[in-house]
Every structure is written in C-alpha cells, then in structure tokens.
Amino acid sequence: MFVITGATGNVGRHVVAELLDAGHKVRALSRDPATASLPDGAEVARTADLPLEGATGVLLNPAAFWNGVDELLDRARRAGVRRIVVLSSSAVLAGEGNPIGDHHLALERQVEATGLEWTHLRPGAFAANALGWADQIRGNGVVRGPHARAHTVPIDERDIAAVAARALTGDDLAGTRPELSGPESLTFADQARIIGEAIGRPVTYEELSPEAARAAMAYAPEPVVDALLAFWAEAVDRPQPVSSEVERITGRPARTFAEWAAEHVRDFA
Ligand SMILES: NC(=O)c1ccc[n+]([C@@H]2O[C@H](COP(=O)([O-])OP(=O)(O)OC[C@H]3O[C@@H](n4cnc5c(N)ncnc54)[C@H](OP(=O)(O)O)[C@@H]3O)[C@@H](O)[C@H]2O)c1
C-alpha cells in the first residue's frame with residue numbers, strides 16, 4: 001500500500017490514479033477528505049492524522065508540510081515504511097541562498113538521514129502553473145506577467161506522476177535524484193500562444209514591469225517572489241536545458257505543452 005500526501009495536488013492526483021490503475025492499494029491524504037474528490041478506489045484520510053500504518057512507500061509532497069516533516073518521518077520509520085519519494089524541485093540545483101532550493105534541499109537531506117530508501121524527484125516548472133492564467137484567458141485573452149521572453153521547460157504533471165509511481169513501485173530509482181523537465185524550452189509568451197491555439201482563440205502575453213509583477217505575486221512570501229523573479233530574469237532569451245529523464249524512466253516521450261493545453265481546454269475556454 002502506498003500513501004500519497006498532497007493527494008489533491010497537481011501531481012498527487014495523477015499518482016493516485018496511476019497506482020490504482022496498476023492495481024495497487026492507495027491511501028490518499030488531504031486536509032479535508034470530504035471535499036478531496038479522489039477516485040473511489042482510494043482510501044482517503046486526513047493529512048494531520050499521518051496514517052502511515054501498512055504503507056510500503058510514501059510520496060512526500062512538501063507543499064502539504066510547510067511546518068516541517070519531523071513527525072511524518074518519525075512515524076514512517078516506526079510504521080515500517082520502506083521508501084520515501086520526495087516531490088522536490090530542480091531549484092535545489094540553483095545553489096545555496098535560493099529559498100526554494102534551500103527548502104527542498106534541507107528536506108531531501110532530512111529524508112536521507114532517516115536511513116529509509118529514498119528518491120528525490122527534481123522537476124522544473126510545472127505546465128500546471130499556467131492554470132494561474134485561466135481567469136485572464138477566459139476574460140480578454142491577455143495574460144499579464146513578468147518577463148514575456150523568459151524560458152522554462154514546462155513539464156506535464158502526469159509525467160512527474162508517472163515517474164513518481166515508478167519510483168514508489170520499482171527498485172531502479174532508489175537512491176537517485178532524477179531531474180525532470182518537459183520536452184521543449186518555451187517562453188511565457190510561447191505558452192500563452194500555445195494555449196490560444198488549443199482553445200481556438202488568440203491568447204497574448206503582456207509583459208509587466210518587475211515592480212508590477214511583484215505586486216501581482218503578493219500572495220507568495222517575498223523571498224519566494226524574489227527567487228522566482230530572479231530565475232525568470234536570468235532565463236530571458238535563454239533556452240533552458242531539456243532533460244530526457246522522463247523518457248528514459250517511463251519509456252515514452254515527455255508530453256508537450258501543446259498536449260497539456262489540449263487536455264486543459266475546459267480550464268481556459
Ligand atoms: N509548481 C511548480 O512549478 C513546481 C516546480 C518544481 C517543484 N515544485 C514543488 O512541487 C511540490 C508541489 O507543488 P504544487 O504547487 O504542485 O502544490 P500541489 O501539489 O498542487 O499542492 C499540494 C496539496 O497540498 C495541500 N496543501 C496546500 N497547502 C497546504 C498547507 N498549507 N498545509 C497542508 N496541506 C496543504 C493541498 O491539498 P489539500 O487541500 O487536499 O490538503 C494541495 O492539493 C512543492 O514542493 C513545489 O515546491 C513545484
């Protein structure tokens with residue numbers, strides 16, 4: 001049996017589905033099981049209860065544990081969990097001083113110190129980040145944000161989920177830190193255009209000044225906003241490296257952003 005934390009999230013939901021499809025038992029954790037809306041086959045439990053009994057592997061989604069993972073890891077050891085798969089971030093490769101990278105790296109190290117088996121998945125930008133544009137696209141079709149020409153290599157969250165499922169159920173990824181990306185480097189303006197092609201209506205990207213972008217991102221903690229704006233400023237007109245890990249691990253090419261957009265037409269139209 002596998003415990004999936006952050007199970008209602010971008011990646012977790014797909015991991016739950018993938019494991020159930022393959023015939024595994026799944027316990028999916030959410031702060032609110034009543035509204036989690038997860039597949040019928042999954043046992044849904046409360047994150048705060050940390051019910052790890054009987055689990056072979058745990059998918060650790062840091063987004064569900066901002067207050068730390070001490071108790072989760074302690075319970076995992078005591079419950080006889082064999083393996084922890086961390087939904088980490090490629091930001092760990094940015095070097096010390098980047099708050100997003102530092103946070104995930106500390107967590108990776110904490111997991112390694114348990115003595116349990118581990119895999120650290122290190123994806124870059126999720127394609128799902130574009131869902132944050134949905135209101136603007138449904139409105140006037142103009143996405144407003146920083147650095148129109150900043151490159152990322154957006155990865156379809158289903159590809160991260162496929163690798164996560166593999167890491168939980170097989171032995172070949174134990175002790176590895178796969179860097180995961182989509183198949184092509186795209187600017188924010190490219191992503192907006194591709195969503196427009198998927199919904200059959202033009203979508204454009206209007207660049208905001210860094211100050212205006214900062215104000216629009218006030219929902220996130222200031223150091224995180226600073227780190228993201230710095231990443232994107234560095235990536236203006238600079239295509240980012242594409243990883244082939246999704247294909248190597250899953251045996252099929254990483255999904256394109258156009259495929260992702262076609263799957264999400266209803267979110268934007
Ligand atoms: N987005 C990216 O581009 C990106 C790139 C690389 C790495 N990452 C990393 O991937 C991980 C997942 O990120 P995500 O943005 O996709 O999040 P997410 O997985 O969509 O969210 C995870 C789930 O955590 C729960 N949650 C949210 N806030 C919580 C809180 N304060 N306390 C407890 N539970 C909470 C929510 O589930 P319930 O409401 O059901 O409890 C949510 O569905 C993060 O560690 C992130 O840093 C993200």
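Give me the residue from region 124-144 that is free of Cβ contacts under 8 Å to residues at least 60 places away in the same chain and within 16 Å of the ligand (Cβ to nearest atom) and, out of that set, most open to solvent (accessible area, probe 1.4 Å). Reasoning before the result, please.
We begin by selecting, within region 124-144, every residue free of Cβ contacts under 8 Å to residues at least 60 places away in the same chain; these are 125, 129, 132, 135-136, 139-140.
Next, only the ones that are within 16 Å of the ligand (Cβ to nearest atom) stay: 125, 129, 132.
Numbers: Ala125: 35, Asn129: 95, Gly132: 63 Å².
Going through the qualifying residues, I end up with Asn129.
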Practice item. Looking only at region 70-87, decide whether some residue is more than 22 Å from Gly170 (Cα to Cα), touching a residue at least 24 places away in the same chain (Cβ under 8 Å) and in contact with a strand residue (DSSP E or B) (Cβ under 6 Å, 6 or more places away or on another chain). Key: no
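Looking at this structure, is Gly9 assigned to a loop (DSSP other than H, G, I, E, B), surrounded by fewer than 21 Cβ atoms within 10 Å (Cβ to Cβ) and near the ligand (Cβ under 8 Å from one of its atoms)?
Working: assigned to a loop (DSSP other than H, G, I, E, B): yes; surrounded by fewer than 21 Cβ atoms within 10 Å (Cβ to Cβ): yes; near the ligand (Cβ under 8 Å from one of its atoms): yes.
Yes: the conditions hold for Gly9.
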Practice item. Determine, yes or no, whether Asp226 is open to solvent by 60 Å² or more (accessible area, probe 1.4 Å) and modelled with pLDDT under 95. Key: yes
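Could you tell me whether Ala262 is surrounded by 17 or more Cβ atoms within 10 Å (Cβ to Cβ) and either of a type in the set (Gly, Ala, Ser) or at pLDDT 95 or above (or both)?
Values: surrounded by 17 or more Cβ atoms within 10 Å (Cβ to Cβ): no; either of a type in the set (Gly, Ala, Ser) or at pLDDT 95 or above (or both): yes.
Against the criterion (surrounded by 17 or more Cβ atoms within 10 Å (Cβ to Cβ) and either of a type in the set (Gly, Ala, Ser) or at pLDDT 95 or above (or both)), Ala262 does not qualify.
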**Study point:** Residue check for Val16: assigned to a helix (DSSP H, G or I), under 18 Å from Val163 (Cα atoms) and modelled with pLDDT of 95 or more
**Key:** yes
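In region 18-34, what residues are open to solvent by 10 Å² or more (accessible area, probe 1.4 Å) and either closer than 15 Å to Ala128 by Cβ or in contact (Cβ under 8 Å) with a residue 60 or more places away in the chain (or both)?
Start the filter on region 18-34 by keeping residues that are open to solvent by 10 Å² or more (accessible area, probe 1.4 Å), which leaves 18, 20-25, 27, 30-34.
Residues satisfying the conditions are Glu18, Ala22, His24.
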Check your understanding: Among the residues of region 50-70, which ones are open to solvent by 80 Å² or more (accessible area, probe 1.4 Å) and within 13 Å of the ligand (Cβ to nearest atom)?
Key -> Trp66, Asn67
Exercise for review: Output the qualifying pairs, or none if there are none: Cβ atoms under 6 angstrom, residues six or more apart or on different chains, first residue in region 101-114 and within 14 Å of the ligand (Cβ to nearest atom), second residue of a type in the set (A, V, I, L, M) and open to solvent by 20 Å² or more (accessible area, probe 1.4 Å).
Suggested key: Gly101/Ala94
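Residues of region 72-98 being farther than 18 Å from Ala7 by Cβ and more than 13 Å from the ligand (Cβ to nearest atom), which ones?
From region 72-98, those farther than 18 Å from Ala7 by Cβ are 73-74, 77-78, 80, 82, 89-98; that's our starting set.
Listed by number, the residues that qualify are Leu73, Asp74, Arg77, Arg78, Gly80, Arg82, Gly95, Glu96, Gly97.
The values are calculated or read from the model by the stated rules, or taken from the named source; none is laboratory data. The structure presented is a predicted model; accordingly, all values stated were derived computationally and were not measured. In this analysis, Cβ positions are derived from the backbone assuming ideal geometry, glycine residues included, and neighbour counts consider all displayed protein chains. Protein only, heavy atoms only, side chains kept; ligands, DNA and RNA dropped before computing areas. Shrake-Rupley method; radii C 1.70, N 1.55, O 1.52, S 1.80 Å.
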